[in-house]
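Visitor: For reference, the structure I am asking about is given below.
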Amino acid sequence: MQIPVKRNSTDKARLAEALRGFAATEHPVTVDLNGYGAFPPRVIFIKIIQPGPVMELHSRLKKVLLEELHFDQDEVMKTVQPHMTVATRDLTKASFSEAWAEFEEKEFSASFDVGSIFLLKHNGRSWDIFEEFPFRENG
């Protein structure tokens, strides 16, 4: 929901505190998935049926990043297109057409509850969970 940004290690505590406060005000949301889509020439994804709640969550998170943490405008995603990525950088442009032909008509549906957000840290090769921030309980 947010593009990667570089921060000093001294900023981690402040960032975590702001995200903890943000998450504590959020309620869990259900995400319903149905079918596949693509962002040619390299991305295949699963569609989110009703992206509104995810987009609204992003809008509230963006406000925290800009106003509380003073991120620059170019560090924050202006809009999001909620989806679940199936293949991206690991899919070459040459193999995209072949893979998309396989997924384009394939059926898929599922749903899951989102009850937290995560702060990730890159270890030089991949992303690791640095901290999880649970949403408040319903009710």
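The values are calculated or read from the model by the stated rules, or taken from the named source; none is laboratory data. All of these numbers come straight from a predicted model, not from anything done at the bench. Cβ coordinates were reconstructed from backbone atoms using ideal geometry, including for glycine residues, and neighbour counts include every protein chain displayed. For the accessible areas, the whole protein counts, side chains as well, though only heavy atoms, and no ligand, DNA or RNA atoms are used. Shrake-Rupley method; radii C 1.70, N 1.55, O 1.52, S 1.80 Å.
Visitor: Can you tell me the accessible area per residue over the chain, all protein chains present, probe 1.4 angstrom, in square angstrom?
Guide: Details: 9500 Å² over 139 residues.
Accessible area per residue, the chain: 68 Å².
Visitor: Of all accessible surface on the chain at a 1.4 Å probe, what whole percent is carbon and sulfur?
Guide: 51
Visitor: Same structure, new question: Which of the trypsin sites (Lys or Arg not before Pro) found in the range 1-86 are in a DSSP loop and have at most 15 neighbouring Cβ atoms, other than their own, within 10 Å?
Guide: Sparse-neighbourhood loop trypsin sites (Lys or Arg not before Pro): 6, 7, 78.
Visitor: Let me ask something else about it. What angle do you read, to the nearest 10 degrees and between 0 and 90, between the alpha-carbon axis of helix 52-63 and the longest principal axis of the chain?
Guide: 40
Visitor: Name the residue from 54, 82, 41 whose Cα lies farthest towards the positive end of the charge dipole of the range 34-139, charges +1 on Cβ of Lys and Arg and -1 on Cβ of Asp and Glu.
Guide: 41
Visitor: Separate question: Check each of the chymotrypsin sites (Phe, Trp or Tyr not before Pro) in the range 107-139 and keep only those in coil by DSSP with at most 15 other C-beta atoms within 10 angstrom; list them in order. Intermediate values should be presented prior to the final figure.
Guide: Values: sites: 108, 112, 118, 127, 130, 135; in loops: 108, 135.
Filter output for the range 107-139: 108.
Visitor: I want to verify a result. In a Gaussian network model of the chain, Cα cutoff 10 Å, which of these has the top mean-square fluctuation: 24, 13, 38?
Guide: For the chain, modelled as a Gaussian network with Cα springs under 10 Å, the answer is 13.
Visitor: Provide Rg over Rh for the range 1-44; use the alpha carbon set for both Rg and the Kirkwood Rh (inverse mean inverse pair distance).
Guide: That ratio is 1.15, to two decimals.
Visitor: Also, quick follow-up: Where a Cα-Cα gap under 21 Å defines reach, which lysines qualify for residue 121, not counting those fewer than 8 residues away within the same chain?
Guide: 6, 12, 62
Visitor: Students often get this wrong: which residues of the range 1-26 have the backbone nitrogen under 15 Å from the point 7 angstrom along Cα-to-C-beta of residue 56?
Guide: Residues 25-26 fall inside that zone.
Visitor: Taking every alpha carbon pair in the chain, what does the distance histogram look like in 5 angstrom bins from 0, in percent?
Guide: 2, 9, 16, 18, 19, 16, 12, 6, 3, 0
Visitor: To make sure I understand the rule: partners must be aspartates and glutamates, Cα under 16 Å from the Cα of residue 63, and not fewer than 8 residues away in the same chain. Which ones qualify?
Guide: Hits, sequence-local ones excluded: 17, 26, 72, 74, 75.
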